[in-house]
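Single-structure report; data block below.
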Amino acid sequence: PGERRMVVQDATFALERGVGLGIVGPSASGKSSLVRAIAGIWLPIRGTVRLDGATLDQWSPEELGNHVGYLPQDVQLFDGTIAENIARFEPQAPSDKILSAARAAGVHD
């Protein structure tokens, strides 16, 4: 903890629109570090993370959140309903998309 060392080096990949990516590997291999960098939670020590050609600092947090999702092992919800959390507290979020996401996450009866 608190140590700055390179866990992921020279990672490069490109995804087409609508394609998902699963990151697998042994424990402590850098999966969480890579995902945190992609989501903008951690800044890379070297290099850049680009989405659609733009660096993460060129994206507003709201717009980035519409395109990149990150689900850590220890989930913490904000005050509000599960639906509000899924919708990221967007009042105009379509209810069918919220329900679809809830079903996919296994949190809908």
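The values are calculated or read from the model by the stated rules, or taken from the named source; none is laboratory data. Note that the coordinates shown come from a computational prediction; the quantities given were computed from them, not determined experimentally. Neighbour counts are summed over all protein chains in view; Cβ atoms, including those assigned to glycine, are modelled from backbone coordinates with ideal geometry.
For this structure, a couple of remarks:
- Taken together, the criteria place residue 29 among residues that are more than 25 Å from residue 108 (Cα to Cα), of a type in the set (Ser, Thr, Tyr) and either without any contact (Cβ under 8 Å) to a residue 24 or more places away in the chain or exposed (fewer than 10 other Cβ atoms within 10 Å of the Cβ) (or both).
This table checks each residue for (1) under 15 Å from the mean Cα position of the chain (by Cα); (2) more than 25 Å from residue 109 (Cβ to Cβ); (3) in the same structural domain as residue 16 (by TED's automatic domain parsing); (4) among the aromatic types (Phe, Trp, Tyr).
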{"position": "39", "(1), (2), (3), (4)": "yes, yes, yes, no"}
{"position": "42", "(1), (2), (3), (4)": "yes, yes, yes, yes"}
{"position": "45", "(1), (2), (3), (4)": "no, yes, yes, no"}
{"position": "51", "(1), (2), (3), (4)": "yes, yes, yes, no"}
{"position": "65", "(1), (2), (3), (4)": "yes, yes, yes, no"}
{"position": "84", "(1), (2), (3), (4)": "no, no, no, no"}
{"position": "87", "(1), (2), (3), (4)": "yes, no, no, no"}
{"position": "96", "(1), (2), (3), (4)": "no, no, no, no"}
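- Of the residues making up the range 63-107, those that are of a type in the set (A, V, I, L, M, F, W, C) and either in a loop (DSSP other than H, G, I, E, B) or surrounded by fewer than 11 Cβ atoms within 10 Å (Cβ to Cβ) (or both) are 68, 71, 75, 77, 78, 87, 89, 93, 104, 107.
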